[in-house]
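To keep things clear, I will list the structure first and then write my remarks on it.
The values are calculated or read from the model by the stated rules, or taken from the named source; none is laboratory data. Note that the coordinates shown come from a computational prediction; the quantities given were computed from them, not determined experimentally. Ligands, DNA and RNA are excluded from the accessible area calculation, which covers all protein heavy atoms including side chains. Shrake-Rupley method; radii C 1.70, N 1.55, O 1.52, S 1.80 Å.
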Amino acid sequence: MPRPKKGPRLASSPAHERLMLANMATSLFTHGQITTTLPKAKRLRPVAERLITFAKRGDLHSRRRVMRVIRNKTVVHILFTQIAEQMEQREGGYTRITRIAARHGDNAPQAVIELVTEPLSAKQSTVKEAEAATKVAAKDEAAEVNAAVDAAIVEGAGADAVEQAVEANDKGTDVETANETAIDLEKDAAAADASEAAAEEDADVAEDAEKAE
């Protein structure tokens with residue numbers, strides 16, 4: 001039997017556990033906070049925050065993903081219209097877990113899990129605005145640098161083309177001279193090869209004559 005990766009299950013089967021977490025998430029979004037045992041609160045937290053992340057996207061696909069877990073359409077509407085707007089400035093940490101006194105009877109550890117609906121403080125808002133402005137300024141600066149580099153490359157290519165054209169115009173007569181010199185060198189090389197071949201033939205004839213004697 002497969003073992004769960006996050007510790008023992010909260011119920012007898014995985015399906016029962018999923019339904020339990022779905023019901024707890026529905027109650028959390030309906031009332032804003034619920035009281036449960038500490039292990040259940042810790043297991044509910046990532047589920048609820050994932051659903052809130054889907055709600056912040058606000059598209060049809062995200063709504064369908066949420067309705068796979070929460071079957072109450074009224075709660076889904078509240079999640080997408082009210083809770084998502086309250087969490088718009090937050091990038092995470094949508095829930096808070098507060099430990100309370102143990103439960104009477106079995107002494108089980110209890111906790112209150114609630115939605116963090118308090119607005120961000122002025123300092124946090126200022127810091128987030130400054131970070132966003134810094135990112136925008138960095139992007140603009142990078143775009144300007146890239147544009148300057150591209151312009152420099154284009155100017156450099158144009159300057160190289162002009163220099164090559166000027167050199168070609170200046171060396172127009174030198175090209176003809178070089179061609180004549182190359183032809184002369186080819187003729188000299190052919191004459192040298194012919195003389196070398198003749199010398200080799202003479203040497204072969206002399207060797208044959210010595211052998212005949």
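In the stretch 16-156, if every C-alpha pair distance is counted and binned at 10 Å from zero, what percent goes to each bin?
Percent of pairs per bin, in order: 10, 30, 24, 16, 10, 6, 3, 1, 0.
Kindly write out, for the stretch 9-16 in residue order, the coupling ³J(HN,Hα) from the Karplus curve 6.51 cos²θ - 1.76 cosθ + 1.60 (θ = phi - 60°), rounded to whole Hz, with x marking Gly and Pro.
3J(HN,Hα) across the stretch 9-16, in whole Hz: 5, 7, 9, 6, 9, x, 5, 5.
What figure, in Å² to the nearest 10, do you get for the accessible area of residue 187 with a 1.4 Å probe and non-protein molecules left out?
For residue 187, the solvent-accessible surface is approximately 130 Å².
If ligands, DNA and RNA are left out, what is the accessible area of residue 204 with a 1.4 Å probe, given in Å² to the nearest 10?
80
Can you give me the % of accessible surface on the stretch 64-140 that is carbon or sulfur? Probe 1.4 Å, all protein chains present, nothing else counted.
Looking at the stretch 64-140 in its full context, I get 50 percent from C and S.
Tell me, what is the per residue accessible area of the stretch 36-79 in Å², probe radius 1.4 Å?
Heavy-atom accessible area per residue stands at 59 Å².
Scaled to the compact-protein estimate 2.2 N^0.38 Å, what is the alpha-carbon radius of gyration of the stretch 20-59, rounded to two decimal places?
1.16
Of 16, 104, 77, which has the most accessible area and how do the rest follow, probe 1.4 Å?
Greatest to least solvent exposure: 104, 77, 16.
Using only the alpha carbons, work out the radius of gyration and Dmax of the stretch 8-74 in angstrom.
12.1, 35
³J(HN,Hα) across the stretch 66-72 via Karplus (A = 6.51, B = -1.76, C = 1.60, θ = phi - 60°), whole Hz, x for Gly/Pro?
Working through the residues one at a time gives 5, 6, 5, 9, 9, 8, 7 Hz.
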